[in-house]
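The values are calculated or read from the model by the stated rules, or taken from the named source; none is laboratory data. Every value quoted in this text rests on a predicted model; they were computed, and no experiment measured them. Reconstructed Cβ throughout: ideal geometry from the backbone, glycine too, with neighbour counts over all protein chains shown.
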Amino acid sequence: MATLTDQELHNLAMNIVGKDLEDQGYEFLGVNSEFKKDPQFVALKDKKLHFVIVRAIEYPHDPKEVPFIFLETVKQHAQKFKARTFYAGVGLANSRDYELPVSSSEDYVVNYAGLQEI
């Protein structure tokens, strides 16, 4: 059972959020899947620029808890471009036992409530 690395968890979260953005009609201008390089998505919707920060959050941490301190820098950067800034926390847990790490050989549970504007 191979535990997923931080980058693999991040990629998983990116795929979940990317699909959600696509389904909502966002047009991607830039995608950065490098771990902790913000923002992950720069996208257009209704002719408005959006910056989206994605974080994979492992159980028992709450994916809806927005870490405002580090997001402030991204928000200031977004304001220069008159962009709206969003946080997408994706909760991930091992489906067999929430106390176990997420692994490549077992199913996982997703706790994703969508974009939160910051």
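Against the test of being polar (S, T, N, Q) and touching a residue at least 60 places away in the same chain (Cβ under 8 Å), the options Thr73, Thr3 yield a single qualifying residue, Thr3.
Return only the number of the condition from (1) within 11 Å of the chain's Cα centre (by Cα); (2) over 16 Å from Gln7 (Cα atoms); (3) loosely packed, with under 14 Cβ neighbours inside 10 Å that Tyr87 does not satisfy. So Tyr87 meets the others, but not (3).
Looking across Glu58, Glu8, one residue alone is touching a helix residue (DSSP H, G or I) at 6+ places or on another chain (Cβ under 8 Å), over 21 Å from Arg84 (Cβ atoms) and in contact (Cβ under 8 Å) with a residue 24 or more places away in the chain. It is Glu58.
If you check Glu106, Glu22, which single one turns out to be outside any strand (DSSP E or B), modelled with pLDDT of 95 or more, under 22 Å from Leu9 (Cβ atoms) and not β-branched (Val, Ile, Thr)? Explain how you work it out, then say what you get.
Numbers: Glu106 fails: modelled with pLDDT of 95 or more.
Just a single option satisfies the conditions, and that option is Glu22.
The single condition from (1) in contact (Cβ under 8 Å) with a residue 40 or more places away in the chain; (2) surrounded by fewer than 12 Cβ atoms within 10 Å (Cβ to Cβ) that Asp97 fails is (1). Once region 100-118 is narrowed to residues that are among the acidic types (Asp, Glu) and exposed (fewer than 11 other Cβ atoms within 10 Å of the Cβ), the residue that is nearest to Gln40 (Cα to Cα) is Glu117.
Reported count of residues in region 40-84, each being assigned to a strand (DSSP E or B) and exposed (fewer than 14 other Cβ atoms within 10 Å of the Cβ), is 2.
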